[in-house]
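Data first, discussion second: the structure below is written as structure tokens.
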Amino acid sequence: SRAVLCRAGGVAHRMTEDHKPSLPRERARVMEMGGRIEFQRCWRVVVEPGGGRPGSGLAVSRSLGDLDFKEPARFVEADPDVTRCVPRPGDAF
């Protein structure tokens, strides 16, 4: 998910950051949890097959759902980064 604020004059102000395994901070977090990241047409967090589930890769490092990537280890988080912004006169949306 992505949020953008349109400032006066049509200037876009990014309100969120895409959480991708290619970002150094996200890569480090996943690796510290014992996770693996590999390039499969794009960088992905990878879980090994086991316990009746197939191995798979996810192109984001934070999401809602995707329990295969959260149990037993939390390779993918649901916790967002939050940005606060004070609206200004002329902001459109």
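Coordinate-derived values only; no laboratory data. Keep in mind that this is a model prediction, so the values were computed, not measured. Don't worry about glycine lacking a Cβ; one is built from the backbone with ideal geometry, like all the others, and counts go over all protein chains shown.
Any idea what the dipole of the chain comes to, in debye rounded to 20, about its Cα centre with Lys/Arg Cβ at +1 and Asp/Glu Cβ at -1? Don't jump to the answer; show the numbers that get you there.
Details: 16 positive and 13 negative charges, 62 e Å.
The dipole magnitude comes to about 300 debye.
Mark the label point 7 Å from the Cα of HIS13 along Cα→Cβ and return the residues of segment 74-93 whose backbone N is within less than 17 Å of it.
From segment 74-93, the list is 82-93.
With unit charges on the beta carbon (Lys/Arg positive, Asp/Glu negative), name the residue among CYS85, MET33, TRP43 whose Cα is farthest towards the positive pole of the charge dipole of segment 1-88.
CYS85
Multiply the residue gap between MET31 and GLU71 by 0.36 nm, knock off their C-alpha separation, and tell me the result in nm, one decimal place.
Working: separation 40, 0.36 × 40 = 14.40 nm, distance 1.53 nm.
My answer for the length gained is 12.9 nm.
Can you check what the net charge comes to around HIS13, using other residues whose Cβ is under 14 Å from the Cβ of HIS13 (Lys, Arg +1; Asp, Glu -1)?
Details: positive: ARG2, ARG7, ARG14, ARG84, ARG88; negative: GLU17, ASP91.
With Lys, Arg at +1 and Asp, Glu at -1, the neighbours total +3.
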